[in-house]
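Engineer: Provided herewith is a single structure, encoded as structure tokens, for subsequent inquiry.
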């Protein structure tokens with residue numbers, strides 16, 4: 001486009017400019033997603049948030065069950081899909097058919113990362129193991145997410161987040177003593193594994209930039225749950241301590257608990273560090289408590305945890321919630337309300353940092369709130385470029401067009417390959 005017939009200066013159209021503008025730190029990285037349900041799709045969503053071109057592959061006639069998961073829906077569309085499918089293109093492909101396998105390998109040549117969360121051995125049975133992928137693309141990074149990993153005596157077992165949390169010992173730490181350990185109302189094991197899978201993919205991409213070679217990233221749900229358990233294992237090894245659930249607090253860490261307000265609602269106060277505890281005592285009008293031998297040190301406060309919690313609760317129960325939060329925050333005490341999602345979506349801090357953002361949902365043709373992008377990056381910030389394509393195979397022509405002619409694509413569609 002030029003300004004006039006005599007002006008040779010070319011001005012890019014907004015569409016052209018947008019097409020070449022970096023969309024994040026991973027702009028230029030292509031990811032092929034073979035996973036279903038939560039762990040694989042969440043990991044690829046994280047990569048997509050950072051700018052990767054994620055192409056989600058679904059089997060013809062058998063879309064990802066995530067399209068129908070979640071508790072809220074409108075007109076049959078479940079909005080959970082927007083959380084996991086945003087920033088992706090979707091194609092359909094039958095990987096078990098020879099023609100589908102060949103099309104996948106052709107697509108692989110232009111890819112950087114493959115993410116799959118099948119049971120171990122599934123890719124190999126389709127003749128798409130890492131050795132086959134590496135032969136076609138030596139730099140390919142294969143991220144494999146499974147219940148127990150690709151090796152070991154339990155590798156062939158199916159795995160879900162709920163069981164991974166249990167066998168890893170993580171579930172045992174939740175809840176109250178002498179009660180059955182409840183689960184969090186989320187698939188925590190899946191999301192932890194997805195985050196480690198993303199971490200592994202990024203590390204492998206960096207190493208490939210040095211060596212030119214790809215590798216396998218092997219992530220297990222149960223191992224991801226083990227990895228976040230702080231000192232649970234060495235505490236047992238050295239001291240025979242079997243850490244168990246501790247309700248609303250951590251045993252020996254005080255004060256760090258939930259406390260009532262005058263209205264009957266609860267707030268969390270974390271003042272177990274000596275300096276913060278001294279500030280809490282001053283805010284309570286009880287500065288002498290900071291020098292009381294029962295509470296003056298971290299160890300002493302842990303020993304007298306019950307007594308200290310009762311003392312603080314008796315004071316907070318006389319304080320209106322808003323005033324309590326304001327006064328303790330001003331005093332430098334770590335405090336916060338126990339928010340429901342109704343408060344979270346209106347949280348001024350989250351809104352200021354764009355952590356509650358609207359996605360334009362194609363299925364509803366309307367905005368739907370969802371989580372923002374973590375982490376924030378100053379040089380190459382991530383972005384939400386779409387909310388998850390509405391139809392399975394929506395990008396078949398766009399993705400496969402460079403690899404097959406229109407006539408060939410029509411034949412593949414007729415044969416149920418795409």
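The values are calculated or read from the model by the stated rules, or taken from the named source; none is laboratory data. Everything numeric here is computed off the predicted structure, so don't read it as measured data. Cβ placement follows ideal geometry from the backbone for every residue including glycine, while neighbour counts extend to all protein chains displayed.
Engineer: Taking the stretch 105-127 as the region of interest, how many residues are farther than 17 Å from residue 40 by Cα and either in contact with a strand residue (DSSP E or B) (Cβ under 7 Å, 6 or more places away or on another chain) or touching a residue at least 60 places away in the same chain (Cβ under 8 Å) (or both)?
Structural biologist: Here the count works out to 4.
Engineer: Of all residues in the stretch 363-418, which are in contact with a strand residue (DSSP E or B) (Cβ under 8 Å, 6 or more places away or on another chain) and farther than 29 Å from residue 76 by Cα?
Structural biologist: Residue satisfying the conditions is 400 alone.
Engineer: Could I ask something else about it? Quick one: in the stretch 110-134, of everything that is part of a loop (DSSP other than H, G, I, E, B) and more than 25 Å from the chain's Cα centre (by Cα), which residue is nearest to residue 151 (Cα to Cα)? Give the derivation first.
Structural biologist: Pass one, the stretch 110-134, residues part of a loop (DSSP other than H, G, I, E, B): 110-112, 117-121, 126-129.
Applying the additional criterion that residues be more than 25 Å from the chain's Cα centre (by Cα) yields 110, 121, 126-129.
On the way: 110: 29, 121: 10, 126: 19, 127: 18, 128: 18, 129: 14 Å.
Step by step, filter the stretch 110-134, then rank; the result is 121.
Engineer: In the stretch 45-79, what residues are out of contact with any helix residue (DSSP H, G or I) (no Cβ under 7 Å at 6 or more places or on another chain), free of Cβ contacts under 8 Å to residues at least 24 places away in the same chain and not in a strand (DSSP E or B)?
Structural biologist: Passing the criteria: 68, 71, 72, 76.
Engineer: Of the conditions (1) in contact with a strand residue (DSSP E or B) (Cβ under 8 Å, 6 or more places away or on another chain); (2) over 22 Å from residue 174 (Cβ atoms); (3) not assigned by TED's automatic domain parsing to the domain that holds residue 188, residue 217 clears all except one; give me its number.
Structural biologist: (3)
Engineer: Output the number of residues of the stretch 279-295 satisfying the condition of being within 20 Å of residue 250 (Cα to Cα), assigned to a helix (DSSP H, G or I) and in contact with a helix residue (DSSP H, G or I) (Cβ under 6 Å, 6 or more places away or on another chain).
Structural biologist: Step one: list which residues in the stretch 279-295 are within 20 Å of residue 250 (Cα to Cα), which gives 280, 294-295.
Next cut, assigned to a helix (DSSP H, G or I) only: 280.
Subsequent filtering for residues that are in contact with a helix residue (DSSP H, G or I) (Cβ under 6 Å, 6 or more places away or on another chain) retains none.
Here the count works out to 0.
Engineer: Let me ask you something else. For the structure I just gave you, tell me whether residue 241 is under 25 Å from residue 177 (Cβ atoms), in contact with a helix residue (DSSP H, G or I) (Cβ under 6 Å, 6 or more places away or on another chain) and not assigned by TED's automatic domain parsing to the domain that holds residue 165. First the steps, then the outcome.
Structural biologist: Values: under 25 Å from residue 177 (Cβ atoms): yes; in contact with a helix residue (DSSP H, G or I) (Cβ under 6 Å, 6 or more places away or on another chain): yes; not assigned by TED's automatic domain parsing to the domain that holds residue 165: yes.
When the stated conditions are applied, residue 241 passes them.
Engineer: Residues that are closer than 30 Å to residue 54 by Cα: which helices (runs of 4 or more DSSP H) entirely in the stretch 183-265 hold 1 or more of them? Please lay out each step first, then the result.
Structural biologist: Values: elements: 188-211, 221-227, 232-239.
Correct list: 188-211, 221-227.
Engineer: As an exercise: evaluate residue 406 against (1) under 21 Å from residue 257 (Cβ atoms); (2) in contact with a helix residue (DSSP H, G or I) (Cβ under 9 Å, 6 or more places away or on another chain); (3) without any contact (Cβ under 8 Å) to a residue 60 or more places away in the chain and give the number of the one condition it does not meet.
Structural biologist: With (1) under 21 Å from residue 257 (Cβ atoms); (2) in contact with a helix residue (DSSP H, G or I) (Cβ under 9 Å, 6 or more places away or on another chain); (3) without any contact (Cβ under 8 Å) to a residue 60 or more places away in the chain applied to residue 406, the lone miss is (1).
Engineer: Condition check: buried (at least 22 other Cβ atoms within 10 Å of the Cβ) and either farther than 30 Å from residue 69 by Cβ or assigned by TED's automatic domain parsing to the domain that holds residue 71 (or both). Does residue 163 satisfy that? Don't jump to the end; show me each part of the working.
Structural biologist: On the way: buried (at least 22 other Cβ atoms within 10 Å of the Cβ): no; either farther than 30 Å from residue 69 by Cβ or assigned by TED's automatic domain parsing to the domain that holds residue 71 (or both): yes.
So residue 163 fails the test.
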